Amino acid sequence: MKIAIPKERRPGERRAAASPDTVKKFAQLGAEVVVETGTGAGADIPDSHFAEAGAKIAPDAKSALGDADMVLKVQRPMTAAEGNDELALMKKGAILVAGLGALQQREQVKAYAAAGIDAYAMELMPRITRAQSMDILSSQSNLAGYKSVLDAAAVFGRAFPMMMTSAGTIAPARVFIMGVGVAGLQAIATAKRLGAVVSATDVRPATKEQVESLGGKFVWVDDEEARASQTSGGYAKEMSAEYKAKQAALIAETVKKQDIIITTALIPGRPAPVLVTEEMVKSMKPGSVIIDLAVEAGGNCPLSKPDQIVDVGGVKIVGHTNYPSRVPVDASNLFSKNLWNFLSPHWDKESKSFKFKADDETVTGTCVTRDGAVVHAMLKEGN
């Protein structure tokens, strides 16, 4: 069983799909591991560390991928239309495991099927307890939330904590987190550690306790309708138009008072929802900062632009893409562990190969193509 880990070629991608630790584990199973030279350069992992862990170092992508039974990547392989056809280098019947962006890249999913590649999209990992250690979205979002606060601090022209000085007192920065998922919670924790006054909001009232446990203030219209807005199954109920209007007014008023806003809301397979309108941006003080973590999906602020810092009336809107790649060492280590945790239960000792269990939720949840066909329910024609 030959496992290949090629160098990531998409612009700005510094992560690697393997670490010396996971290479060693795969080698101990009995697999042959081949790492393309330079794969770990962006994450400060020299070729020698992979070699010491048991990998062979390939001089280029062709020699790494040509006869590989399995290919591990961070991002989807590039195609001929993108100028560097990695997909063409993979043999028919190979297994591809990566973050494929399958719901957004449906044509490429069809290309995997046409090439006879069995592809597993790790971003589709089901949110079940057993799969938490395999969840690339959670591991990478954690780092994105952390780094977003550091980036905000770097752009912001003031200090974060309250400071008592001989020349006077410096007021603490006010940070507002919009969206309390994994990235949002880490952003709250990081901003609090830096000494900011932190508040947060989310459409799910159940997150109120999480926000408050980290020392933040939860912003919502606290009335009977809101307190009864969650079903017994944990889902949010549709709110009345009157409630939505009151909540929107509260958020707009809250935004005016903030120094820093970090938006984190994403909807799989759909454009990011607008959380900070142009009118809200214009209501903010000059020197304020907005970090839009959803810029790659259209943005939570319509004024944000990918890989740019936009100045709107003195308000800086930061649109860095691929946030996990801005913390490449830890991101690579966590991503590679996610892959190992997903794959290792399917190793067959007798055949020394991977044999995926068809009834395993982590398999059915992530497998997008098999035996030349698109098999994932969310990607079949008509969905």
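The values are calculated or read from the model by the stated rules, or taken from the named source; none is laboratory data. Every value quoted in this text rests on a predicted model; they were computed, and no experiment measured them. With ideal geometry, Cβ positions are generated from the backbone for all residues, glycine too; neighbour counts draw on all protein chains shown. Areas reflect the complete protein model, heavy atoms only, side chains present, ligands, DNA and RNA absent. Shrake-Rupley method; radii C 1.70, N 1.55, O 1.52, S 1.80 Å.
Every residue, every condition in (1) open to solvent by 30 Å² or more (accessible area, probe 1.4 Å); (2) within 21 Å of D259 (Cα to Cα); (3) assigned to a loop (DSSP other than H, G, I, E, B), yes or no:
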residue: P286; (1), (2), (3): yes, yes, yes
residue: K316; (1), (2), (3): yes, yes, no
residue: H320; (1), (2), (3): yes, yes, yes
residue: A331; (1), (2), (3): no, no, no
residue: A358; (1), (2), (3): yes, no, yes
residue: M378; (1), (2), (3): yes, no, yes
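Only residues that are touching a Ser or Thr at 6+ places or on another chain (Cβ under 9 Å), assigned to a helix (DSSP H, G or I) and open to solvent by less than 40 Å² (accessible area, probe 1.4 Å): list them for the range 21-46, please. Hits for the range 21-46 are T22, V23, F26, G42, A43.
If only one of A16, A4 is part of a strand (DSSP E or B) and modelled with pLDDT of 95 or more, which one is it? So the residue among A16, A4 that is part of a strand (DSSP E or B) and modelled with pLDDT of 95 or more is A4.
If you go through the range 83-123 and keep only what is open to solvent by less than 30 Å² (accessible area, probe 1.4 Å), of a type in the set (A, V, I, L, M, F, W, C), assigned to a helix (DSSP H, G or I) and touching a residue at least 40 places away in the same chain (Cβ under 8 Å), you end up with V109, A113, M122. Of all the residues that make up the range 47-65, how many are assigned to a loop (DSSP other than H, G, I, E, B) and either farther than 19 Å from K25 by Cα or β-branched (V, I, T) (or both)? Result for the range 47-65: 2. Taking strands (runs of 3 or more DSSP E) as the structural unit, those lying wholly within the range 150-233 and holding at least 3 residues that are open to solvent by less than 40 Å² (accessible area, probe 1.4 Å) correspond to 174-178, 197-201. Figure legend. Inter-residue proximity from the range 208-232: first residues within 15 Å of A249 (Cα to Cα), second residues aliphatic (A, V, I, L, M) and at pLDDT below 85, beta-carbon distance below 7 Å, spacing 6+ or different chains. Indicated pairs: W220/A226.
Among residues of the range 134-152 that are closer than 15 Å to K316 by Cα, those with a beta-carbon under 6 Å from a residue that is open to solvent by 10 Å² or more (accessible area, probe 1.4 Å) and not charged (D, E, K, R) at least six positions away or on a different chain give the pairs S148/L293. Within the range 288-313, if we keep just the residues that are open to solvent by less than 20 Å² (accessible area, probe 1.4 Å) and part of a loop (DSSP other than H, G, I, E, B), the residue that is farthest from G40 (Cα to Cα) turns out to be S288. Please indicate, with yes or no, whether at least one residue in the range 142-160 is among the small types (G, A, S), under 30 Å from L87 (Cα atoms) and modelled with pLDDT of 95 or more. Looking for residues that are among the small types (G, A, S), under 30 Å from L87 (Cα atoms) and modelled with pLDDT of 95 or more, one finds at least one in the range 142-160, hence yes. Figure legend. Inter-residue proximity from the range 240-256: first residues over 15 Å from F176 (Cα atoms), second residues part of a helix (DSSP H, G or I) and open to solvent by 30 Å² or more (accessible area, probe 1.4 Å), beta-carbon distance below 6 Å, spacing 6+ or different chains. Indicated pairs: Y243/E225. For V363, the criteria (1) crowded, with 20+ Cβ neighbours inside 10 Å; (2) assigned to a helix (DSSP H, G or I) hold in every case but one, which is (1).
For (1) in contact with a Gly (Cβ under 9 Å, 6 or more places away or on another chain); (2) closer than 26 Å to Q108 by Cα; (3) not aromatic (F, W, Y), each residue gets a yes or a no:
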{"position": "K7", "(1), (2), (3)": "yes, yes, yes"}
{"position": "R15", "(1), (2), (3)": "yes, yes, yes"}
{"position": "V35", "(1), (2), (3)": "no, yes, yes"}
{"position": "A41", "(1), (2), (3)": "no, no, yes"}
{"position": "F50", "(1), (2), (3)": "yes, no, no"}
{"position": "R76", "(1), (2), (3)": "yes, yes, yes"}
{"position": "D85", "(1), (2), (3)": "no, yes, yes"}
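The set of residues in the range 124-133 that are without any contact (Cβ under 8 Å) to a residue 40 or more places away in the chain and open to solvent by less than 20 Å² (accessible area, probe 1.4 Å) is empty. Against the list (1) more than 24 Å from A121 (Cβ to Cβ); (2) surrounded by fewer than 22 Cβ atoms within 10 Å (Cβ to Cβ); (3) in contact (Cβ under 8 Å) with a residue 60 or more places away in the chain, the condition I260 fails is (2).
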